[in-house]
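The values are calculated or read from the model by the stated rules, or taken from the named source; none is laboratory data. Quantities reported herein were computed from a predicted structural model and do not represent experimental measurements. Using ideal geometry, Cβ is built from the backbone for each residue, glycine included, and neighbour counts are taken over all protein chains shown.
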Amino acid sequence: MSIRMGTTKLLLSTVVLAMVLAITLAVITPAFAQPDFNNAKPVPGYPEFEITDKGWIIQGGDLAWGKCPSLVKQTDEHTEDSDQVQAARACEAAGYTAKGPPTQQKPQAPLSKTGGPPIILVPIALLLVGGLLIRKSTAL
């Protein structure tokens, strides 16, 4: 009976750990994928468009076209979507080319040099704590 109880606790602990890791991943992933609309600045000559510090072009405050270098690379005069062409022109007006960001922008500091802990430490810490909890719960 005690072996079966230990197996049940181990399975339950593993499921809880997996749920915590899944929730952590679900919470932090959108922060890396989406542009930060709060720091968007208007593009001179294109009042409908704004651009973020990381190079995302935003139209009307809520439509993110993508990153400027890739948008400029994908768009030419023969593109049928006039809004996409306007967004690419706004990127060019902001100094972006198909090769990368404008030269006057400062490069982004790597996460390790910002003073904060690398984001990978969170799941590692959860795995360690979860492993210790599982070991403690299954000890005889």
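In the stretch 56-77, how many residues are closer than 11 Å to Ala40 by Cβ, of a type in the set (Gly, Ala, Ser) and in a strand (DSSP E or B)?
Summing the residues that are closer than 11 Å to Ala40 by Cβ, of a type in the set (Gly, Ala, Ser) and in a strand (DSSP E or B) in the stretch 56-77 gives 1.
Any idea which of (1) over 19 Å from the mean Cα position of the chain (by Cα); (2) modelled with pLDDT of 80 or more is the one Ser70 doesn't satisfy?
Only one criterion in (1) over 19 Å from the mean Cα position of the chain (by Cα); (2) modelled with pLDDT of 80 or more is unmet by Ser70, namely (1).
Against the condition over 17 Å from Ala98 (Cα atoms) and of a type outside the set (Gly, Ala, Ser), how does Pro47 come out, does it pass? Working first, answer last.
Details: over 17 Å from Ala98 (Cα atoms): yes; of a type outside the set (Gly, Ala, Ser): yes.
Spelling it out, Pro47 is indeed over 17 Å from Ala98 (Cα atoms) and of a type outside the set (Gly, Ala, Ser).
Might you check whether a residue that is closer than 30 Å to Thr14 by Cα, surrounded by 10 or more Cβ atoms within 10 Å (Cβ to Cβ) and at pLDDT below 70 occurs anywhere in the stretch 124-134? Write out each step before concluding.
So the first thing to find is which residues in the stretch 124-134 are closer than 30 Å to Thr14 by Cα, and the list is 124-134.
With surrounded by 10 or more Cβ atoms within 10 Å (Cβ to Cβ) added as a condition, the list becomes 124-134.
Next cut, at pLDDT below 70 only: none.
Scanning the stretch 124-134, I find no residue that is closer than 30 Å to Thr14 by Cα, surrounded by 10 or more Cβ atoms within 10 Å (Cβ to Cβ) and at pLDDT below 70, so the answer is no.
Which residue out of Gln86, Gln59, Gln74 is surrounded by fewer than 16 Cβ atoms within 10 Å (Cβ to Cβ) and among the polar types (S, T, N, Q)? Full working, then the answer.
On the way: Gln86 fails: surrounded by fewer than 16 Cβ atoms within 10 Å (Cβ to Cβ); Gln59 fails: surrounded by fewer than 16 Cβ atoms within 10 Å (Cβ to Cβ).
Going through Gln86, Gln59, Gln74 in turn, the sole match is Gln74.
Please determine, by comparing only the residues of the stretch 34-56 that are of a type in the set (A, V, I, L, M, F, W, C) and modelled with pLDDT of 80 or more, which one is surrounded by the fewest Cβ atoms within 10 Å (Cβ to Cβ).
The residue in question is Ala40.
Kindly indicate which of Ala31, Ala22 is closer than 23 Å to Leu127 by Cβ and at pLDDT 75 or above. Break it down stepwise before answering.
Values: Ala31 fails: at pLDDT 75 or above.
After ruling out the rest, the residue left standing is Ala22.
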